[in-house]
Amino acid sequence: MEVRMIDLPNCPQCGEGYTYKDNHLYVCPMCFHEWTDADMEAAELASKTFDFNGAELADGDSVTTIKELPLGKDRLKQGTKATKLKILKPEVNGHDIEATVDGVGRIYLKSKLVKKLEK
């Protein structure tokens, strides 16, 4: 008789690998956390960062601004290119990305105000 192990995810709360499945729930016997497949999908989606059009952003991407943005006393024009993107987790003052803009340097931006440039 062959015994097969089911590949179950580690607990998202404590990280232990002793997860077991009880009907539609995953259960961690170490911290008693319970979760579903939908919870795992929602957490995965929440950990991603998307631009104005819904394209997923990643470290190193280049983007352009979709509208004119205030920058201290100056303004960034619509279509300004920002490169060397870095995703910020956790957010910094409501900004979830950091990028380099020529002539300005590193700045914080909101992902909903940029559009990803295709490589």
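The values are calculated or read from the model by the stated rules, or taken from the named source; none is laboratory data. Here the structure is a predicted model, which means the values were calculated and not measured. Quick reminder, even Gly has a Cβ in these numbers, built from the backbone with ideal geometry, and neighbours come from all protein chains shown. Heads up: the accessible areas ignore ligands, DNA and RNA and are worked out on the full protein's heavy atoms, side chains in. Shrake-Rupley method; radii C 1.70, N 1.55, O 1.52, S 1.80 Å.
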Original post:
GNM, the chain, Cα, under 10 Å: largest mean-square fluctuation among V101, V27, V92?
Top reply: V27
Subject >> Positive dipole terminus of segment 56-119, leading residue within A58, L117, P90 (C-beta point charges) >> reply: L117
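How big is the dipole moment of the chain about its Cα centre under a simple scheme where the beta carbon of each Lys and Arg is +1, that of each Asp and Glu is -1, and everything else is neutral? Debye, nearest 20, please. Intermediate values should be presented prior to the final figure.
On the way: 17 positive and 20 negative charges, 206 e Å.
Value, rounded to 20: 980 debye.
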Original post:
Tell me, what ³J(HN,Hα) does each residue in segment 29-43 have, in order and in whole Hz, if you take phi through Karplus 6.51 cos²θ - 1.76 cosθ + 1.60 with θ = phi - 60° and put x for Gly and Pro?
Top reply: x, 7, 10, 6, 6, 10, 8, 10, 4, 4, 4, 5, 5, 5, 5
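Per residue of the chain, what 222 nm ellipticity follows from adding -39500 (n - 2.57) for every DSSP H run with n ≥ 4, rounded to the nearest 500?
About -2500 deg cm²/dmol.
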Original post:
Around T19, which amide H atoms from residues at least 5 apart in sequence, or from another chain, sit under 5 Å from its own amide H, with H modelled in the peptide plane?
Top reply: C11
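If the limit is 20 Å between Cα atoms, which of K89/K119; K86/K115; K73/K116; K67/K89; K73/K112; K77/K119 go over it?
Values: K89/K119 24 Å; K86/K115 14 Å; K73/K116 26 Å; K67/K89 24 Å; K73/K112 22 Å; K77/K119 22 Å.
Too far apart for the 20 Å limit: K89/K119; K73/K116; K67/K89; K73/K112; K77/K119.
Multiplying the sequence separation of K89 and K112 by 0.36 nm and subtracting their Cα-Cα distance, what value in nm do you get? Working shown, then result.
On the way: separation 23, 0.36 × 23 = 8.28 nm, distance 1.55 nm.
Gain on stretching K89 to K112: 6.7 nm.
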Subject >> Rounded to whole Hz, the Karplus (6.51, -1.76, 1.60) HN-Hα couplings of segment 99-113, x for glycine and proline >> reply: 8, 9, 10, 4, x, 10, x, 7, 9, 8, 9, 9, 4, 6, 10
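Could you work out the local net charge near K86, counting Lys and Arg as +1, Asp and Glu as -1, over the other residues with Cβ closer than 13 Å to its Cβ? Intermediate values should be presented prior to the final figure.
Details: positive: K84, K89, R106; negative: D59, D61, E91, D96, E98.
Taking every Cβ under 13 Å from that of K86, the sum is -2.
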Subject >> For the chain: accessible area per residue (Å², 1.4 Å) >> reply: 72 Å²
Subject >> Per-bin percent of Cα-Cα distances, the chain [5 Å] >> reply: 2, 10, 17, 16, 10, 8, 9, 9, 7, 6, 3, 1, 1, 0, 0
